[in-house]
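The next block holds one structure in the form of C-alpha cells; read it before the comments.
The values are calculated or read from the model by the stated rules, or taken from the named source; none is laboratory data. Because the structure is predicted, anything quoted here is derived from the model rather than measured. FYI the Cβ positions are ideal-geometry reconstructions off the backbone, even for glycines, and counts take in every protein chain you see. Side chains are part of the model used for accessible areas, which takes the heavy atoms of the whole protein and leaves out ligands, DNA and RNA. Shrake-Rupley method; radii C 1.70, N 1.55, O 1.52, S 1.80 Å.
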Amino acid sequence: MLAPLRSNDVVAIRTYLAKRPYENVFITWLIDNGAFERATTERCLVARSQQGHIVGVFYDGTSVVIASHDIQAIDEFVHSTFIDGSLRTIVGPSPAVARCWHVLKNRLLSTVSYRAHQPLYMIDRNSLMGFRDDAFVAQADASELDEISSNSAAMISAELETKSPIRAHDLRERVRNQIERGWWWRARNLQGSIIFQCHIGCVSAATAQIQGVWTPPPYRRVGNARRAFGAIIDRLLDHHPTLSLYVNDFNLPAIRLYERVGFQKVGDLATIIAQ
C-alpha cells in the first residue's frame, strides 16, 4: 500500500532509511529538514507491506529518488506516477532502477540515458589516504561564484553529454545557495586559478554526500585532484562521521581518484536520465 508521508510516520521512516544510510542520504536529508511539511509540489510516498511494515520510501518531485528494494512497492509507485509516458530523472539502488527501466522503457515519450551501474562509495577517518596540508584548499566564497558556476556547467555538460551545453547562468542561484551554506570547496594554484572543486549535496547524521567533483582539463593528470580532494576530505571529516558519493562505472579516472583517496565501495546505484 502506497500513501503520502504522515507526521506520525517520521520516526519509523528514519529507522527504515538508516538501514542503508549511504543509499538513502538524500531522502533522509529532506525529511530531517521538514521538506514535506511545507506546501510544495514535492511529496514523499511511503509503501507498507500487508503486515504494516515499511518496504519503500519514494521522493516524487522534479526528479524521483527511490529508497526501496521491494519489487511490488516499486511497481505500484511506477504505475501510479508515470501515467502519461513522460519521465523525470530516476535515481535509486541499481535493482530498483532496473525494475523501473523494465516497466517504463517501452512506453517512454522522452529520450533517456540509462546508467545501470553507479558504484556507491564511502570514506571515514580510518580509510582516508590524504592530508589537509597537501593542497591549498578552502571553502568557496561569493567572489568565486562565476568561476565555480562556469566549471560546474562544463562538468554537467560533459557528464550528461548534452547536445546543448549547460549555461553557467542557469546554475548560479543553486551554486550561490550552496556557497552560502559553506558547502562548496575548491583548490587554487599559485597563479590563483581553481584547479579542483567539489561540494556537499545533502547531509544526514550518518554521512554527507559529495557531488560536483571536477578538475578543469588544463590541470589534470599531474596529481592535483588527489592532493586537493584528500585535503578537502580531511577537513570535512572534522564535521561528518563519513562522506559518500556515487559515480558512473565507466568513469575510470574518477574511480581511481576516489579509491586512491581511500573511498570504499558500499553499494551500487543507477540513474535513468530524462533528456
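Net charge around Thr15, counting only other residues with Cβ within less than 14 Å of its Cβ (Lys, Arg = +1; Asp, Glu = -1)? Spell out each step's value before the answer.
Numbers: positive: Arg14, Lys19, Arg20, Arg48; negative: Asp9, Asp32.
Once positives and negatives cancel, what remains is +2.
With an 8 Å Cα cut-off and a minimum separation of 6 or more residues, compute the relative contact order for segment 155-205 in percent.
On the way: 29 pairs, mean separation 11.0, N = 51.
Reported relative contact order: 22 percent.
Give me the Debye-computed log₁₀ of I(q)/I(0) at q = 0.07, 0.10 Å⁻¹ for the chain, equal point scatterers on Cα only, no solvent, two decimals.
These q points yield log10 I(q)/I(0) values of -0.26, -0.54.
If you take the Cα Rg of segment 61-155 and divide it by 2.2 N^0.38 Å, with N the number of residues, what do you get?
1.55
Would you look at the GNM of the chain, springs on alpha carbons closer than 10 Å, and say which of Ile148, Ile156, Ile232 moves the most?
For the chain, modelled as a Gaussian network with Cα springs under 10 Å, the answer is Ile156.
Could you tell me the accessible area of Phe250 in Å² (1.4 Å probe, neighbours in place), rounded to the nearest ten?
120
Mind listing the long-range amide H neighbours of Val266? Cut-off is under 5 Å, sequence gap 5 or more, other chains count too, H placed in the peptide plane at 1.01 Å from N.
Leu120, Tyr121, Met122
Quick one: compute the contact order of the chain, relative version, from alpha carbon pairs under 8 angstrom and 6+ residues apart, as a percent.
25
Within segment 169-189, find all residues whose amide N lies under 15 Å from a label point positioned 7 Å from the Cα of Ser157 along Cα-to-beta-carbon.
It comes to 169-172, nothing else.
How long is the gain from Val103 to Asn126 if the chain were fully straight, where each residue apart is worth 0.36 nm and the alpha carbon distance is subtracted?
Going from the current span to full extension adds 4.1 nm.
Run lengths n ≥ 4 of DSSP H only: what is the helix-derived mean residue ellipticity at 222 nm for the chain, with -39500 (n - 2.57) per run over all residues, to the nearest 500?
Estimated from H runs of four or more residues: -10500 deg cm²/dmol.
What net charge is computed for the residues neighbouring Ser149, neighbours being all others with C-beta under 15 Å from the C-beta of Ser149, Lys and Arg scored +1, Asp and Glu -1?
It works out to a net charge of -2.
Tell me, Kirkwood radius of segment 3-126 from alpha-carbon pair distances, in Å?
The Cα-based Kirkwood calculation yields 15.3 Å.
Using the Cβ atoms and a cut-off under 15 Å, what net charge is assigned to the surroundings of Asn189, where Lys and Arg are +1 and Asp and Glu are -1?
Net charge in that neighbourhood comes out at +3.
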